[in-house]
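This report concerns only the one structure given below.
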Amino acid sequence: MRWKGGRKSGNFEDRRGMSSGGKLALGGIGGIIILVVGLLFGGDPQELLQQMQTTDMQQSSGPVETSAEENELVEFAQVIHTSTGDVWRAVFRSEGLEFRSDTLVVYWDRTPTDGCGMGAAAYGPFYCPADEKVYIDLSFNNELKERFGATGEFAMAYVLAHEVGHHVQKLTGAMDKVNSMRGRLSEREYNKLTVKLELQADFYAGIWAHHANKMSDVYLEFDDIIEGMKAAEAVGDDRLQMQTQGKVVPEAFTHGTSEQRAYWFKKGYDTGDIRQGDTFNDPSLQ
Ligand SMILES: [Zn+2]
């Protein structure tokens, strides 16, 4: 993949070296995405939340020391994020719609969100629908490699594009629809709905990959797509459950199996057509 020198949009906040006060106030629509993403790590989100809730944070801002390696990663994230915005703006326009940009936030350790509580590295990258920002602690890049075995630059690009996919779902209303069912369905049924939302975000990551070469400054090669599929497989519910619990519990799936995730990413890439991504009515997911 080629990305160096690519355009970087202004929809970016560098919060490295900053931390600020505020107690966790989880609730509403933001909660889902954070909790869902927490599961990506196989940890117990409730436990994480309790830890967060008991923490009061202090304002602190001193000189920030960043490594060259990390700075490069930040640049990478910015260029990829800008590329997703370029693609989605064009895709929306071709549908007669207007795309509203999300903002990328890079932070260390933890950071407050506007409406989704305290963001923490332990959740992995996440999207907060209330403030329309994608949050990423870049230590996740190592996690991808070491814990999930997803190597290569594109794995991180896939994760970012997946989060931006959630922003697209906020704009299309899919996220609100799923959220409105919360509490009205059994946990098992609600999980099934969440799987559909997540697989659609994977599909949207594939849509971005399909159009990136023509519509943005990022150039992808076929090997990148293979890497993307491997990354999608690495974070499948079945594989993560097997790793963390030694067994697979399909009722508890929230993101989809490795096979499903790779399938929907690839489908987005192959078709480049957002109409092909109606995971909510797909016969294979009923
Ligand atoms: Zn997701």
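Rule-based calculations on the coordinates, nothing more; no lab input. Here the structure is a predicted model, which means the values were calculated and not measured. Note that each Cβ is placed from the backbone with ideal geometry, even for glycine, and that neighbours are counted across all protein chains shown.
So here's what we get for this one:
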quantity: Residue in segment 145-160 that is surrounded by the fewest Cβ atoms within 10 Å (Cβ to Cβ), counting only those that are assigned to a helix (DSSP H, G or I) and more than 12 Å from the ligand (Cβ to nearest atom); calculated: Glu146
quantity: Filtered residues of segment 130-144 (kept if assigned to a strand (DSSP E or B) and touching a helix residue (DSSP H, G or I) at 6+ places or on another chain (Cβ under 6 Å)); calculated: Val134, Asp137
quantity: Residue, surrounded by the most Cβ atoms within 10 Å (Cβ to Cβ), within segment 72-129, restricted to residues that are part of a loop (DSSP other than H, G, I, E, B) and within 16 Å of the ligand (Cβ to nearest atom); calculated: Cys116
quantity: All positions within segment 168-179 that are more than 11 Å from the ligand (Cβ to nearest atom) and in a helix (DSSP H, G or I); calculated: Val168, Lys170, Leu171, Thr172, Ala174, Asp176, Lys177, Val178, Asn179
quantity: Unique residue being buried (at least 16 other Cβ atoms within 10 Å of the Cβ), within 16 Å of the ligand (Cβ to nearest atom) and at positive phi when the list is Glu163, Glu132; calculated: Glu132
quantity: Residue tally, condition more than 16 Å from the ligand (Cβ to nearest atom), in a helix (DSSP H, G or I) and surrounded by fewer than 24 Cβ atoms within 10 Å (Cβ to Cβ), over segment 191-228; calculated: 11
quantity: Boolean, Thr172 is touching a residue at least 40 places away in the same chain (Cβ under 8 Å) and of a type in the set (S, T, N, Q); calculated: no
